[in-house]
Structures are given as structure tokens and as C-alpha cells.
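Derivation of every value follows stated rules applied to the coordinates shown; laboratory data play no part. What you are looking at is a predicted structure, and each value in this text was computed from that prediction instead of being measured. Cβ placement follows ideal geometry from the backbone for every residue including glycine, while neighbour counts extend to all protein chains displayed.
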Amino acid sequence: MKNSKSRRTIIKLSTYALLATVVGIPNFAFADGKTLKIGQLGVMSGAEASWGLVNKYAAEATAAMWNEKGGIDIGGEKYKIEIVSVDDRNDPKLTVSGSERLMGQEGIRYVIGPNTDVTATSVRPIAEKYNAIYFPYASSRSLFTQPAENAVMGMVASYQVAPAILELLQKERGVKKVAFVARNDSDGLSNRDDGVAAATKLGLDVVVADATYEPNVTDFFPIMSNVVDKAPDLIFLPASAPSNTPLLMRAARELGYTGLFASDSGQDIKVIKEMAGEYGDGLISIGGASTPEIRSQYMDAFIENYTKVAGEWNDEAGTKVYALEVILAALQAAGPAAIDDASLFKKQIADFSMRNPFLKADSTLSFTGEADYGQKRQIGVPLVLTETKGGEFVTISIGAVK
Amino acid sequence: MEQVIINGAILSANYALIALGLTLIFSIMNVLNFAHGQMFMIGGLVVYWVCTVYQMPYGVGLAAAAIGVGAVGMAMERGLFQRVMGSATREENSMLLAVGTAFLLENAALYLFGEKQRGIPPMVQGVYRIGSAFLPANRLMVFVISLLLIVVVLSFVYYTRTGRAMRALAQDRAATTLMGVDVGRISMFGFGLGAALAATAGGLLISVSGVNAGIGTAISTKAFIMIMIGGAGVIGGALLGAVVLGFAEAIGYALFPGSVTYLIIFVALIAFLLVRPQGIMGKPWG
């Protein structure tokens, strides 16, 4: 009996000691410097999990790179970067509670995400309440146009991509007839409308404008049967998820389609290779900083870190590298007070400029968006267009958003 | 028109495999397995892993998916469902448990296999022309294997001793127990068979449409539509439900814009259930 009692005491004491050690670890680890918390909010489970997870991994990879160097220097003091992530399951109710948690409870003033128009719209009142800045990957103009002033777009919008792609393909590939096949949700349909408007303006013949597919469809053969029947030169896939694009391409090719494809969203070459195989060529889409011919050594290091964080590289992350780097550089320029006061960050926007660390060529990153939103509420990321050729992305054009 | 018929037939055969597994579990256990789609998803991911990462033949992947997920199904039945159903007084408990296992499997898959869509290249290349219609060889292969599997499962259920015990259990649990059947073992086997069928369907369709960790809920929703049409717990009903849904989708996509098709399907389903809530082949008393 006595033995069993003392064994229990030893187990209890060991457990307390272990708990004390575990609880104490963060204090020791961050004892040397301050912590800069950055929020990341998005869909990280369910069918669209890849959208939010790519943002999360990209932010964590960037944070790891800075933390390896001892943190980021803001106003002469080093800050460790901590990414606080919340999964909204693409549900606006959870987006609201998630942003309350990040901006209200955690006191975070800079949040990356969320991923769709509907969820991004639901963040706006909370961001305004706490005077926080968020970087949604959504393109609804109302998010970025006055009186809204707390959202900054971290990518190129569909209505900026679609005209560029269509014009390029009309001039250089002789495209005359276009079919649009959109995902039946808010982003897919609004991107489709933007694309149809751009095609009409360019004088292209829109042979299919109303083909849509449900977000949960897995077999695109029946949908594509009708589209291919109309013999387009180009099938445009507005807001198509990387999981759907290769399936749409494969279905069309199996139905005898030999034309081009285009998408205004980021894609992943590994998924295209696996899913579409030999049918994966001929897709023009928005690219990031990741194609070998344009990327810098810093981008190589980012890819390495991303692979460590996520387990494997995802080309879509090449379009998501900019938000955190720009937040950090703008905070450095604005000074430490801006960490808790986003008004100081907003003041920086007008004249902010930094060298684009992800591209080999000399180029600058600044805020833009006056043409579309009447104010600078978009990171001026390069408008990179790529084409799939022989199982690789090849850069075919680099432009800029005005 | 030929294309619509081909699309409908292929969709029906794929759906039938999914619905068959779900209806087996429902009829034997009286459990609405909300994790059925997640078992489909894991089956597909296992095939991906075996064929892509370990570079093994497709047949090995398919067998690994069926056996592995079947074993997971049996373990779930023995370790979770049998315990909960033995002690719970309300049916909702088993439903909540099924929902919980669906989330668990989805998050486990997300952790183990990542967030990307996974797929494998077609097993056979080429496209056949039938009149004005196209039929990819890989889809034809999946169609034929699906039909063969359905025949094998139906033969097992109707002509073997274990199959008869499963059907007896579906009809009257108490009487089956009194006849000396080891109800616990048959339930476990039935659950495992249902899970294995879902996994096989996932393993077959990964070469056609691929899978990702979040696809389970969409698959479960379709499976439930099928068994609601055909009649819950009736094997023939599940197959009929699959044919109805497969052709409804194919015809709908041919005649209407994509978004309208499922709107019509859901409205028609609601109207149908108002008139015949037990489904086409279900009995009014359950």
C-alpha cells in the first residue's frame, strides 16, 4: 500500500513538473524580445480547405524566415512574428466570430484573409469597430472602395486578370470564340460576369455564358459536353479552384476539345499533372512569383520554408507571398506604434514602396488600386500570366495593375 | 442524346457503389452513417498513396483501400457504434456519433494527406466514339468494374450464409438473435462491408474525378439523396436511387444551365417525399 502511495506521489509530482515545464517554455523562448501577432483567417477545412491553408502556410513560412533571423526590427526593437490562425469553414458566421476573436480578444490589428467575397464582407464591421486592417483574397469592389477603408487586396482581382488574359489570347493566339464555365457561387458568378463583360468589350464572340457547376460536383463530363458542342477557341474558368480546374480540362479534352483554357485564379502544377495528365497543357492562368525564370533567391528560400511547413510546395502559394511581407515592411516604415494603431499604417499607404524581394528583376511593391477603387487599397503585385506546357508553368507575360 | 445516356449510365454505376454501402450499414445497423462520404474519400486517398508514393499497381491500391477502410469500419462499429447503441436510449446518439466520426476522419485525412486535390492518371488511355458521343476508355473501365462489384456484392448478400444473416438482421434483429445468429459479428461485418464499398468507389473514382480531404460531405449528401429516392434500407432501392440521380444529373446538365439542375433535383425530391416519404421501394412502416 505504502509503495503504491509513493508511486502515485511520484507520478503526480512528475506530471506537475512536466506541466510547469511545458507552460514555462513560451516564456523562456520569447523572453528576449517582443511578439508581433498577425492574424490569419480563412477556410481551412472542407472542400475549399486549400484556399485558407495555403495562406496559413505562406504566412507561417514567411514568419519562420524572419524569426530565424531573430525577428523583425521595428523601431530598433526585435519582434518575433506569431501567426494566429482561425478556420472559418467558409461560413460567414464563423468568419464574424473568428474576426472578433482575432481583432477583439487577441487585439490583433493586421489579419490576412478571408478567402471569399461573402466571408470578406462579413469581416468589415468588425475591422471597422477595432480599426484593424485585413487583406482578403476576395475581389468585391465594395470591400475596397470608400467609405470602406480597412480592407487591402493582396492579389490581382478577376476584373483585372480577365481583360489581360483575353486581350493577350485574342492578339497572340487568334482566339475569337469564348465559353465561360463558372462555379455556382458568389465569387464564380461575379468573376464570370466580369469576364463576359471584358470579352464583349474586346469584340469576342461569347458562345457560352451560362454554364455553371455546383461546388460539390466531381464529374464534369456532363457539363462540358454542352460547352464543347459550341466549339469555342477558349474555355474560361472564372474563380476555378485548383481542385476543379484539371478535372474541367480533362473532361473537355476527353470530349475532343483542342482549344485553350484560361483561369483568373492561382493553380498548382502538381495537381494539374496528377489530375489531367497529358490533357494538362494549354491553361493560361494567373501566376505568382514562383516560376523558375522570374523568381529570386529569396523566393527559393520561401519555397524551401513553405515546403517545411506544409510538407510539399503548392504553386498557388506563389500568389500569396506578398501580404505578410508588405505588412511587415509597412510596419517598419510606420514605427512600433502602428502595431496597435492601424491609422498609422493607413497613413503609410500613400507613399509606401519597397523592393519586390521575390522577383529576380528589379521591381518595386507599393499600394495601388486607384483605377478600380478610387483609393490605394491593393498591393501592387505583378500581374504574372503563365501557361502550362509539358507539365510545367511557363511565364508568358508580366504586367502591372494600375 | 447518346452522350446523355452514356453520362447517365456512368454516373449511375458510380453512385450505385456509394449508395449500396450506405444502405447496407443503414439496413443492418439502423445507423445513418454520416461518415460514409469520408470513407469514400479515404479510400481514394489510400489508392493515391499506394500508387503515387509507393509506385505500386492500381489493383494493390484498390485492395488496400477496401481492406484498410473496411477494417476501420469494423473497428468503428465494434469500438464506437456497438457501445453507444448498447447503452444509449435515444437514436440521435448514434447519429451524433456518426457526425463526430465524419469530422474526425476529415481532419485526420487533412493532416495525413494534405489539403490538395489528389488524383491518379487514367488507368487506360483513349476515347471511344459511339455515334456522336464520346466515351473515355478509363470511364468505361470504371463503369465495368463498378457493375461487376455490384453483382458480386448482391450475389454475396443474396446467396451466402453470411449474406442471409445480414438480410435477416435488417428485417428483424430480435428474431435473428433468437435464431442463434451472432448479431455482433454480423453487424460488424456488415459495417465493414459498407465501408469497404465506399472506399472502393473512392478508389475507382480517383482516376476519374480525384478526391480531396473535404469531399466527404458532398458524397454523403448524394448518397442520402439516392437512398431517400430508392427507399432507406432497401438494397434494390439504393440501386434504383443511383440510376434516378445519375440520369437526372446527366439530363439536367444537358437541358439546363448547371446551377438549375440541382435546384430541380432538390425541388423534385421534396415534392416526391411529400407524396411517398418512404421512397420508391421502401415500405411505409419502415
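Rounded, prolate or oblate: which fits the range A:74-232, taking a ≥ b ≥ c as square roots of the Cα gyration tensor eigenvalues, rounded meaning a/c under 1.5, else prolate when a/b beats b/c?
On the way: a/c = 2.79, a/b = 2.01, b/c = 1.39.
Cα axes put the range A:74-232 in the prolate bin.
For the range A:290-335, state what percent of all Cα-Cα pairs lands in each successive 10 Å bin, counting from 0 Å until the bin that includes the largest distance.
25, 49, 23, 4
Could you size up the charge dipole of the protein assembly as shown around its Cα centre, putting +1 on the beta carbon of Lys and Arg and -1 on that of Asp and Glu, and report it in debye to the nearest 20? Intermediate values should be presented prior to the final figure.
Working: 56 positive and 57 negative charges, 424 e Å.
Rounded to the nearest 20 debye, it is 2040 debye.
List, in the order given, every pair from A:Lys56/B:Lys116; A:Lys273/A:Lys389; A:Lys56/A:Lys389 whose Cα-Cα distance in the structure shown is over 21 Å. Walk me through the intermediate numbers first.
Numbers: A:Lys56/B:Lys116 14 Å; A:Lys273/A:Lys389 10 Å; A:Lys56/A:Lys389 29 Å.
Exceeds cut-off: A:Lys56/A:Lys389.
So what's Rg/Rh here for the range B:1-63, counting alpha carbon atoms and using the Kirkwood radius for Rh?
Answer for the range B:1-63: 1.11.
Can you tell me the orientation of helix A:158-173 relative to chain A, as the angle in degrees between its alpha-carbon axis and the longest Cα principal axis, to the nearest 10?
The angle comes out at about 40 degrees.
With the alpha-carbon atoms as the only input, what is the per residue convex hull volume for chain B in Å³? Please list the in-between numbers first.
Numbers: hull volume 38.2 nm³, N = 286.
Measuring per residue, one finds 134 Å³ for the Cα hull of chain B.
For the protein assembly as shown, what number results from the quotient of the Cα radius of gyration and 2.2 N^0.38 Å? Walk me through the intermediate numbers first.
Working: Rg = 27.2 Å, N = 688, 2.2 N^0.38 = 26.3 Å.
Scaled against compact globular proteins, the figure is 1.03.
For the residue pair A:Gln146 and A:Lys129, what label-to-label distance in nm results when each label sits 7 Å from Cα along the Cα-to-beta-carbon direction?
2.6 nm
With r defined as the distance between the Cβ atoms of B:Met179 and B:Gln125 and R0 fixed at 51 Å, what FRET efficiency is calculated, to the nearest 0.05? Show your work: numbers first, answer last.
Details: r = 52 Å, r/R0 = 1.02.
Calculated transfer efficiency: 0.45.
Using alpha-carbon pairs under 8 Å, 6+ residues apart, how would you state the relative contact order of the range A:164-258 in percent? Present the calculation step by step, with values, prior to reporting the outcome.
Numbers: 135 pairs, mean separation 34.0, N = 95.
Computed value for the range A:164-258: 36 percent relative contact order.
Excluding B:Leu32 itself, calculate the net charge of residues whose Cβ lies under 11 Å from the Cβ of B:Leu32, where each Lys or Arg counts +1 and each Asp or Glu counts -1. Spell out each step's value before the answer.
Values: positive: none; negative: B:Glu91, B:Glu92.
Neighbour charge sum, excluding B:Leu32 itself: -2.
Of the beta bridges DSSP finds with both residues in chain A, what % are antiparallel, to the nearest 5? Don't skip to the answer; put the middle values down first.
Numbers: 20 of 52 bridges.
Antiparallel: roughly 40 percent of the beta bridges in chain A.
Can you tell me the length gained on complete extension of the stretch A:Glu82 to A:Glu304, counting 0.36 nm per residue apart and subtracting the Cα distance?
78.0 nm
How large is the convex hull of the Cα atoms of the range A:233-359 per residue, expressed in Å³ as a whole number? Display every interim value, and only then the final one.
Numbers: hull volume 18.1 nm³, N = 127.
Residue-normalised Cα hull volume stands at 143 Å³.
Could you check which residue among B:Val69, B:Val127, B:Val99 shows the biggest mean-square fluctuation in a GNM of chain B with a 10 Å Cα cutoff?
B:Val127
Once you have the alpha carbon radius of gyration of the range A:112-187, what is it after dividing by 2.2 N^0.38 Å, with N set to its residue count? Intermediate results must be reported in sequence, preceding the final value.
Values: Rg = 15.7 Å, N = 76, 2.2 N^0.38 = 11.4 Å.
For the range A:112-187, the normalised Cα radius of gyration comes out at 1.38.
Projected area of chain A, taken from the Cα convex hull and averaged over every viewing direction, in nm²? The partial results should precede the final answer.
Details: hull surface 93.5 nm².
Mean projected area of the Cα convex hull: 23.4 nm².
For peptide A:241-253, how many partner chain Cβ atoms fall within 10 Å of a residue's Cβ, on average? Don't skip to the answer; put the middle values down first.
Working: counts 2, 4, 11, 3, 1, 3, 5, 0, 0, 8, 5, 0, 2.
Across A:241-253, the average partner-chain Cβ count within 10 Å equals 3.
A:Lys69 label point, 7 Å along Cα→Cβ, cut-off 13 Å on backbone N: hits in the range A:315-342?
Answer for the range A:315-342: A:325-326, A:328-330, A:332.
Between rounded, prolate and oblate, where does the range B:1-130 land on the alpha carbon gyration tensor, with a ≥ b ≥ c its root eigenvalues, rounded for a/c under 1.5, else prolate if a/b exceeds b/c? Show your work: numbers first, answer last.
Values: a/c = 2.51, a/b = 1.53, b/c = 1.64.
Cα axes put the range B:1-130 in the oblate bin.
What is the packing order of peptides A:329-341, A:43-55, taking the mean over residues of other C-beta atoms within 10 Å and listing the highest first?
Values: A:329-341: 17.9, A:43-55: 25.2.
Descending packing order for the listed peptides: A:43-55, A:329-341.
Can you list the aspartates and glutamates whose alpha carbon sits under 18 Å from that of A:Lys308, skipping same-chain ones fewer than 8 residues off?
Once the sequence-local aspartates and glutamates are set aside, what remains near A:Lys308 is A:Glu60, A:Glu68, A:Glu82, A:Asp268, A:Asp300, A:Glu316, B:Glu115.
Quantify how strongly other chains surround peptide A:269-280 by giving the mean number of their Cβ atoms within 10 Å of each of its Cβ atoms. Don't jump to the answer; show the numbers that get you there.
Working: counts 0, 3, 6, 2, 2, 10, 11, 3, 5, 3, 2, 0.
Taking the mean over all residues of the peptide, I get 4.
Run the numbers for B:Ala137 and B:Phe256: contour at 0.36 nm per residue of separation, minus the present Cα-Cα distance, in nm.
On the way: separation 119, 0.36 × 119 = 42.84 nm, distance 2.71 nm.
So the chain would gain 40.1 nm between B:Ala137 and B:Phe256.
For the range A:347-399, just the Cα set please: Rg and Dmax, both in angstrom.
When restricted to the Cα atoms of the range A:347-399, Rg and Dmax are 14.1, 46 Å.
Which of B:Gly236, B:Gly252, B:Gly131 moves the most in a Gaussian network model of chain B with Cα springs under 10 Å?
Top of the fluctuation ranking is B:Gly131.
Cα-based Rg of the range A:161-272 per 2.2 N^0.38 Å, rounded to two decimals? Walk me through the numbers before you get to the answer.
Details: Rg = 12.6 Å, N = 112, 2.2 N^0.38 = 13.2 Å.
Rounded to two decimals, the normalised Rg is 0.96.
Output the relative contact order of the range A:263-374, whole-number percent, from Cα pairs under 8 angstrom with separation of 6+ residues.
Working: 105 pairs, mean separation 28.7, N = 112.
Relative CO of the range A:263-374 lands at 26 percent.
Among the complete DSSP H segments of chain B, which ones combine at least 24 Å of alpha-carbon extent along their axis with a mean Kyte-Doolittle hydropathy of -0.5 or more?
Numbers: long enough: B:2-29 (40 Å, 1.56); B:58-76 (26 Å, 1.69); B:92-113 (31 Å, 1.11); B:137-159 (32 Å, 2.19); B:183-205 (33 Å, 1.39); B:235-255 (30 Å, 1.79); B:258-275 (27 Å, 2.63).
Span-like helices, by this rule, are B:2-29, B:58-76, B:92-113, B:137-159, B:183-205, B:235-255, B:258-275.
Once amide H atoms are built 1.01 Å from N in the peptide plane, which residues 5 or more positions from A:Gly399, or in another chain, come under 5 Å H to H?
The answer is A:Leu383, A:Val384, A:Leu385.
Taking only the Cα atoms of the range A:303-402, how large is their convex hull per residue, in Å³? Before the final figure, lay out each step's value.
Working: hull volume 12.9 nm³, N = 100.
Roughly 129 Å³ of hull volume per residue.
Against the longest alpha carbon principal axis of chain A, how many degrees, from 0 to 90 and to the nearest 10, is the axis of helix A:186-201 turned?
Once rounded, one gets 40 degrees.
Give me the percent of Cα-Cα pairs in the range B:121-228 that sit more than 21 Å apart, rounded to a whole number. Don't skip to the answer; put the middle values down first.
Working: 3086 of 5778 pairs.
More than 21 Å apart: 53 percent of the Cα pairs in the range B:121-228.
Of all DSSP beta bridges in the protein assembly as shown, what percent run antiparallel (nearest 5)? Write down the numbers at each step before the final one.
Values: 25 of 57 bridges.
Percent antiparallel among DSSP bridges in the protein assembly as shown is about 45.
Taking chain A as a Gaussian network, where each spring joins two C-alpha atoms under 10 Å apart, which residue of A:Leu168, A:Leu247, A:Leu234 fluctuates the most?
A:Leu168
With everything on Cα atoms, drop me the angle between helix A:245-254 and the longest principal axis of chain A, reported from 0 to 90° to the nearest 10.
30 degrees
What is chain B's relative contact order, in percent, from Cα pairs under 8 angstrom and six or more apart in sequence? Can you show the working numbers first?
Values: 479 pairs, mean separation 107.5, N = 286.
The value is 38 percent.
Taking every residue in A:206-212, how many Cβ atoms of other protein chains lie within 10 Å of its Cβ, on average? If you can, show how the numbers build up before the last one.
Working: counts 0, 0, 1, 1, 5, 4, 5.
Counting Cβ atoms of other protein chains within 10 Å of each residue's Cβ and averaging gives 2.
Past 23 Å, Cα to Cα, is the threshold; run A:Lys78/A:Lys360; A:Lys37/A:Lys347; A:Lys320/A:Lys360; A:Lys171/A:Lys201 against it and keep the listed order. Walk me through the numbers on the way to the answer.
Values: A:Lys78/A:Lys360 28 Å; A:Lys37/A:Lys347 21 Å; A:Lys320/A:Lys360 17 Å; A:Lys171/A:Lys201 14 Å.
Table pairs above 23 Å Cα-Cα are A:Lys78/A:Lys360.
Rounded, prolate or oblate for the range B:133-178? Axes are the square roots of the Cα gyration tensor eigenvalues, ordered a ≥ b ≥ c, and the cut-off for rounded is a/c under 1.5.
Numbers: a/c = 6.55, a/b = 3.84, b/c = 1.70.
Because a/c hits 1.5 or more and a/b exceeds b/c, the range B:133-178 counts as prolate.
Where in the range A:347-362 is the amide nitrogen less than 11 Å from a point lying 7 Å along the Cα-to-Cβ axis of A:Ser296?
Residues A:354-362 qualify, since their backbone N sits under 11 Å from the label point.
Treating cross-link reach as a plain straight distance, find the aspartates and glutamates whose alpha-carbon is under 14 Å from the alpha-carbon of A:Lys93, omitting any fewer than eight places away in the same chain.
Answer for A:Lys93, where 14 Å is the Cα cut-off: A:Asp117, listed by chain and number.
To the nearest 500 deg cm²/dmol, what mean residue ellipticity at 222 nm is calculated for chain A from DSSP H runs of n ≥ 4 alone, each contributing -39,500 (n - 2.57), summed and divided by the residues? Don't jump to the answer; show the numbers that get you there.
Values: 13 runs with 168 residues, N = 402.
Counting only the DSSP helices, I get -13000 deg cm²/dmol.
7 Å from Cα along Cα→Cβ at both A:Lys230 and B:Ile270: what's the point-to-point distance in nm?
Placing both labels 7 Å along Cα→Cβ, they lie 2.9 nm apart.
Among A:248-257, A:170-179, how do they line up from the highest to the lowest mean number of other beta-carbon atoms within 10 Å? Numbers along the way, then the final one.
Working: A:248-257: 23.2, A:170-179: 17.1.
Peptide ranking by packing, descending: A:248-257, A:170-179.
I want to check the label-to-label distance for B:Phe156 and B:Met95. Put each point 7 Å from Cα in the C-beta direction and report it in nm to one decimal.
Placing both labels 7 Å beyond Cα along the Cβ direction yields 2.9 nm.
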